[in-house]
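Colleague: Structure provided below as structure tokens; questions to follow.
Coordinate-derived values only; no laboratory data. Bear in mind that the values here come from a model prediction, so they are computed numbers and not experimental data. Ideal geometry is used to build each Cβ from the backbone, glycine not excepted, and the neighbour counts take in all protein chains shown.
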Amino acid sequence: MDDKFSTTMRIDIAPSDLEAAGEPIKVKKKHLIKVSPKKSRSVGVKTTSTSHYQELLQSVYDAAVITDLNGVITDINLRATDFLRHQRDVLVGASILEIISGADDSLINTLVDNVENERFTLIQAHCAREDGSQFPAEIAVTHLVLDEVCLCFFMRDISIRKEQEEMLLTEHNAIHNAASGIAITNRSALFEYVNPSMLSLWGFSSADEVIGVELYDLFTDRSAVESMVEAVLGSEESWQAELVARHANGTEADIQVNATCNRDPDGELLGMVLSFVDIGDRKRADAATRQAEQHRVMLESLGAACHHLGQPATVILANLGIMERKAETASPILQELIKVSIQAAETLAEVLHKLNTVNEYRTTQYLERDGEDTDENRILDI
């Protein structure tokens, strides 16, 4: 079967540089020599009532422009004058090529060929207004049999749709390139979309490894995930918590999870939108900060203790020195006790001096035990 039969051709036309610059478009009358079209395979019923034809033409929602097979405009509806901001008498007799920005005679030749082969044509292009501005349009082209075969251009302003498409593309790019992991699930908590950052967080090589997987499978605490699903999909509330993720290689990591409802334009609940942030580095930094603060407080407390113990230690050492001099005639046992006490007091003074000059909190193992090194078995390293 001929592929051209009863099919639709799509044509995209970029606006010309001159018109894209916003210069006013001067619609020129373009009367070409008429050519006799080949007879269409599908012979339409000729209009016998001009009033019915006009009533139908004016009731069409789109801007309707009727041309001959040379592209010369023969009729338009009121919607066309609104869209193009031209007066009817200016448009009628002009060429459709002056309206479709960037189009040339090859477009008319293609359209005529499509008519002969009973093909519809859908054109994406920009249409020029009288003030030089343009609007994106979707133009459906078919043929109409009146006194002779004509081309019918039905133009629809798709400015809003284009803006929405561009906004959606922008949002998609933002989500796709976001540093945070982002995922979308359906109402059964099965993944439907994941961005590259989410794949990187879990160590997956491609989205195919995640799409269709249950959300529960990616975390160690199933009950916490069930609470999240119940809050978001059941109560339709936002949810936030820290969970432990199970990586693809079996390792674990701390993840901050934010979840909210995903809805369609009518507000119907479709599933969840989740964002993930690896907080492992932050938690390690917080722990290091807390430990440093604890060490600072302990060193300050140690310094204060050394200050308070230093004076009594000095007094004890001085008194022992006096006792040593006075005890020259005392028994050997008493002299030995005084000597040992003086050595202990000097050692105490030396230790207090070392403690008072410590500026880094380090610990060392107190008792050598095979395979055992607990916090209870560690003392300050001086």
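Colleague: Can you give me the long-range amide H partners of Val358? Hydrogens built in the peptide plane at 1.01 Å from N, cutoff under 5 Å, separation of 5 or more residues or another chain.
Modeller: Long-range HN contacts for Val358: none found.
Colleague: Using a Förster radius of 56 Å, what is the FRET efficiency between Tyr53 and Ser238 based on their Cβ-Cβ separation? Nearest 0.05, please. Can you show the working numbers first?
Modeller: Numbers: r = 58 Å, r/R0 = 1.03.
Efficiency computed from Cβ-Cβ geometry: 0.45.
Colleague: Would you work out the relative contact order for segment 261-361, in percent, from Cα pairs under 8 angstrom that are 6 or more residues apart?
Modeller: It comes to 29 percent, rounded to a whole number.
Colleague: Continuing with this model, one more query. Would you kindly derive the ³J(HN,Hα) couplings of segment 152-158 from the backbone phi angles with the Karplus curve 6.51 cos²θ - 1.76 cosθ + 1.60 (θ = phi - 60°), listing them in order in whole Hz, with x for Gly and Pro?
Modeller: Once θ is set to phi - 60°, the couplings for segment 152-158 become 10, 10, 9, 9, 10, 6, 10 Hz.
Colleague: Next question, about the same structure. Using the Cα atoms of segment 110-203, I'd like the radius of gyration and the largest Cα-Cα distance, Dmax, both in angstrom.
Modeller: Every Cα atom of segment 110-203 included, Rg and Dmax give 22.1, 69 Å.
Colleague: Could you pull out every residue, at least 5 positions away or on a different chain, whose amide H is within less than 5 Å of the one on Ala178? Hs are placed 1.01 Å off N in the peptide plane, and Pro or chain starts have none.
Modeller: none
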